[in-house]
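Here's the structure we're looking at; comments come further down.
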Amino acid sequence: MSNVRQFAIPALILLTLISYAGTFQNQFVNFDDDRYVTQNDIVLKGLSFDGLQYAFTTTRTGNWIPLTWLSLQLDVSLFGRSAVGFHATNLLLHLANVLLFFVLLQRLGGTVGMAFLGGALFAVHPLHVESVAWLSERKDVLSTLFLLLTMLQYVQYTKQPDWRRFAAVLSLLALGLLAKPMLVTLPVLLLLVDVLILRRCRNWSPATDEPAARTLSLTKLILEKIPLLLVVVVMSGVTMFAQKSDLAFVSYSIHPVGARVANALCSVVWYLQKTVVPTGLCIFYPLEYGMIDWPRTIVSAVILATITALVLWQSRRRPWLLFGWGWFLISLLPVSGLLQVGGQARADRFTYVPHLGLFLAIVWQSAELVRRFQVPRVWQSSMVGLCLLVLSGLTVRQVGIWNDSVTLWTHANQTAPDNWMARLYLGIEKLREKDWNTARDLAQQSLQIRPYNADALALAGKADLQQQRWESARQCFLQGLEINPKHRDSLIGLAAVCHGTNRPRDAERLLRLALEFHPRDSFLQLQLGLLYGELGNLDAALQELQRVTREAPQQFLAWKAAGQLLAQADRIDEAIDHFHQAYLLVPEDVDVLTALERLHEFRGDDELAPYYRELARKQTRLPATTIQQTSGTLRR
């Protein structure tokens with residue numbers, strides 16, 4: 001035991017880092033990472049007053065998660081915009097959760113060996129890869145950090161109750177909810193801890209142990225949780241508002257109550273199955289709206305009823321089984337699909353918190369079996385080592401699947417049948433690679449599986465747009481707007497069709513309409529500024545472009561386009577300043593270097609003009625830049 005105590009924490013750290021070392025090679029992916037980081041102008045500024053205001057007021061992504069937004073902004077301030085810094089933070093938060101869970105298991109009565117096994121299972125289980133390797137799931141690892149801190153503080157409070165310790169519990173819970181509303185069930189989970197683990201309930205105690213020295217009635221234990229419940233109720237209301245504002249809720253007319261209950265039953269059994277055999281995991285498992293697989297639903301209901309009956313039967317002798325099962329089911333409730341948000345039937349990340357209770361039950365029960373059958377120490381070590389080796393190997397492989405968008409969605413397309421989302425996002429990648437025909441084919445495949453999808457229609461329209469199939473593109477964008485009149489990409493695409501067919505005023509009207517729906521969208525402002533520039537409206541163009549440079553200073557094209565327009569207006573000093581900012585963002589862009597050379601030459605800067613001329617000459621030897629070029633010519 002002394003050896004376990006001495007090496008437990010270093011072993012947990014090493015095991016976690018080895019299993020997740022591959023995350024440092026992973027890139028941003030094209031599913032939500034754009035909304036959270038790569039195309040989020042506020043986050044990309046780093047910590048700022050605007051960022052603080054944004055964090056506490058935005059409901060973007062369908063959640064109110066100010067602490068998560070602030071953590072992402074902090075990453076930019078500390079590490080810049082590289083994916084490595086974000087991955088490092090996610091991994092450090094997961095590692096902190098592993099160590100806190102290790103400590104918590106000991107505070108709840110486990111030995112060091114039991115706590116090590118629980119922490120190790122939590123560290124390397126492949127179902128947790130999504131929460132750690134996906135940057136957009138920062139809210140998972142961050143909120144769980146505060147959940148575990150809340151639990152630890154609560155255990156301390158139960159030993160020495162006073163208002164200060166309870167205030168600390170309340171504060172930590174509030175912080176966790178500010179990271180992700182997944183913690184709304186925590187007051188009920190704490191009641192489970194009271195009754196089944198800490199034995200604080202005077203009305204109920206396990207047959208195998210003496211009650212705790214300080215016990216309360218069940219009524220008093222419930223009343224004790226009222227302040228926590230009040231915080232949860234407020235947060236639940238804010239979350240409901242946020243999800244409605246993001247159009248995230250699925251209507252009951254599309255997905256009725258019966259289908260939701262059936263999917264919830266099947267999903268719980270699926271989570272149990274994947275806990276034991278964690279293979280065939282992917283980013284998205286499509287939900288078939290309104291469909292009920294009756295044989296599978298009935299079998300799932302029987303399995304869940306049987307497990308529930310068994311743990312209730314054993315609740316006096318083995319209360320940890322009821323605790324683990326209760327924690328698992330209760331903490332899954334917010335993500336069970338009874339209030340369906342999004343198009344997924346289930347998700348790997350939804351097990352991150354439920355596994356805490358389930359792993360406690362597994363570890364406690366394993367310890368009892370070892371004692372009962374007097375399993376030799378060498379057999380214990382061998383079984384634990386083999387289990388962790390297999391899980392760690394599966395986790396390493398799963399982390400690699402998150403390397404980039406193409407790998408991620410190709411795997412999802414191969415893993416989950418009829419995966420309309422995988423085809424859609426593979427199509428988006430093909431569009432970026434300028435493979436227009438393949439992008440359109442994938443969009444059509446996605447629409448065949450899931451019709452009336454505005455995103456897939458917009459993808460097909462963009463592919464047509466690139467090949468100047470104006471009428472086909474127009475029909476795609478119009479169909480998208482019939483589904484969602486505020487759909488951003490459909491409005492932009494329709495504006496592009498108008499522009500391509502010589503109707504610039506209609507294009508302007510559509511872009512302005514899109515800005516009414518998405519007022520802080522820098523890409524929309526950029527497109528409007530470029531359109532005004534082509535129309536010869538210099539003042540309006542500069543107003544839009546300079547608004548972009550203020551609100552999204554990382555937007556290279558805005559600096560470059562504004563520099564071109566200022567040069568055309570003979571505002572040389574201002575043009576040089578704008579081109580210089582563009583140069584700092586993309587030093588290899590030949591157009592910017594050439595512009596700086598000519599402007600400095602025009603101004604008589606005999607040292608700087610040759611400097612930029614030489615830089616431009618060197619860049620011409622490199623492959624052509626993939627940065628989209630702005631229109632317009634430079635006036636000397």
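Rule-based calculations on the coordinates, nothing more; no lab input. Remember, it's a predicted structure, so these values are computed and weren't measured experimentally. No Cβ is skipped: glycine too gets one built from the backbone with ideal geometry, and neighbour counts run over all protein chains shown.
What are the ³J(HN,Hα) values, in whole Hz, obtained from phi via the Karplus relation 6.51 cos²θ - 1.76 cosθ + 1.60 with θ = phi - 60°, for each residue of the range 597-605 in sequence order, with x given for Gly and Pro?
Each residue's phi maps through the Karplus curve to give 4, 5, 5, 5, 5, 4, 7, x, 7 Hz.
Quick one, can you get me the convex hull of the C-alpha atoms of the chain expressed as volume per residue in Å³? If you can, show how the numbers build up before the last one.
Details: hull volume 112.9 nm³, N = 636.
Spread over its residues, the Cα hull of the chain gives 177 Å³ apiece.
Over the Cα atoms of the range 65-154, Rg to Rh with Kirkwood Rh, two decimal places? The partial results should precede the final answer.
Working: Rg = 14.1 Å, Rh = 13.8 Å.
For the range 65-154, the value is 1.02.
Find the percent of Cα-Cα distances in the range 474-531 that exceed 14 Å, and round it to a whole number.
On the way: 786 of 1653 pairs.
More than 14 Å apart: 48 percent of the Cα pairs in the range 474-531.
Against the globular-protein guess of 2.2 N^0.38 Å, express the Cα radius of gyration of the range 276-383 as a ratio, rounded to two decimals.
Values: Rg = 17.1 Å, N = 108, 2.2 N^0.38 = 13.0 Å.
In units of the globular-protein estimate, the range 276-383 measures up at 1.31.
Project the alpha carbons of the range 492-573 onto their principal axes and report the range along each, largest first, in whole Å.
So the three principal-axis extents are 36, 26, 17 Å.
Amide H of Leu216 versus every other amide H placed in the peptide plane: which residues, excluding those fewer than 5 positions away on the same chain, fall under 5 Å?
Residues meeting the criterion, in which the H sits 1.01 Å from N, are Cys201, Arg202.
Amide H neighbours of Tyr285 under 5 Å, counting only residues 5+ apart in sequence or on other chains, H built in-plane at 1.01 Å?
Ala345, Arg346
Among all the lysines, which ones have a C-alpha under 22 Å from Lys159's C-alpha, if same-chain residues fewer than 8 places away are not counted?
Lys159 reaches Lys220, Lys225.
If you wrap a convex hull around the C-alpha atoms of the range 408-560 and split its volume per residue, what is the figure in Å³?
On the way: hull volume 17.8 nm³, N = 153.
Once divided by residue count, the hull of the range 408-560 is 117 Å³.
Can you return the aspartates and glutamates within cross-link range of Lys618? Criterion is Cα-Cα under 15 Å, with same-chain partners fewer than 8 residues away left out.
In chain and number order, the partners are Glu588, Asp589, Asp591, Glu597.
What per residue convex hull volume, in Å³, comes out for the range 82-212 when only alpha-carbon positions are used?
Numbers: hull volume 15.8 nm³, N = 131.
With only Cα atoms used, the range 82-212 gives 120 Å³ per residue.
Using a Förster distance of 35 Å, how high is the FRET efficiency between Asp570 and Arg617, based on the Cβ-Cβ distance and rounded to 0.05? If you can, show how the numbers build up before the last one.
Values: r = 27 Å, r/R0 = 0.76.
Efficiency, rounded to the nearest 0.05: 0.85.
Report, in degrees rounded to the nearest 10, the 0 to 90 angle that the Cα long axis of helix 294-313 makes with the longest principal axis of the chain.
The angle comes out at about 40 degrees.
Using only Cα atoms, tell me the angle between helix 405-415 and the longest principal axis of the chain; keep it within 0 to 90° and round to the nearest 10.
Tilt relative to the chain: about 50 degrees.
Dividing the Cα radius of gyration by the Kirkwood radius, what Rg/Rh value follows for the range 24-83?
Details: Rg = 11.0 Å, Rh = 11.6 Å.
Rg/Rh: 0.95.
Report the charge-dipole magnitude of the chain in Debye, nearest 20, computed about the Cα centre from +1 at each Lys and Arg Cβ and -1 at each Asp and Glu Cβ. Walk me through the numbers before you get to the answer.
On the way: 59 positive and 51 negative charges, 522 e Å.
Its charge dipole is roughly 2500 debye.
Compute the helix-to-body angle for 83-107: its Cα long axis versus the longest principal axis of the chain, expressed 0 to 90° and rounded to tens.
10 degrees
Would you compute, from DSSP H runs of 4+ residues alone, the mean residue ellipticity of the chain at 222 nm, taking -39500 (n - 2.57) per run and dividing by the full residue count, rounded to the nearest 500?
Numbers: 30 runs with 434 residues, N = 636.
Only helices count here, giving -22000 deg cm²/dmol.
Provide Rg and Dmax in Å for the range 53-108, with only Cα atoms included in the calculation.
According to the Cα coordinates of the range 53-108, Rg and Dmax are 14.5, 41 Å.
Using the structure shown, list the pairs from Lys139/Lys462; Lys45/Lys462; Lys180/Lys462; Lys45/Lys139 with a Cα-Cα distance above 23 Å, or answer none.
Values: Lys139/Lys462 32 Å; Lys45/Lys462 29 Å; Lys180/Lys462 35 Å; Lys45/Lys139 20 Å.
Beyond 23 Å: Lys139/Lys462; Lys45/Lys462; Lys180/Lys462.
I need the peptides 554-560, 16-22 ranked by packing, meaning the mean over residues of other C-beta atoms within 10 angstrom, with the highest value on top. If you can, show how the numbers build up before the last one.
Values: 554-560: 23.1, 16-22: 19.9.
Those peptides, ordered most packed to least, come out 554-560, 16-22.
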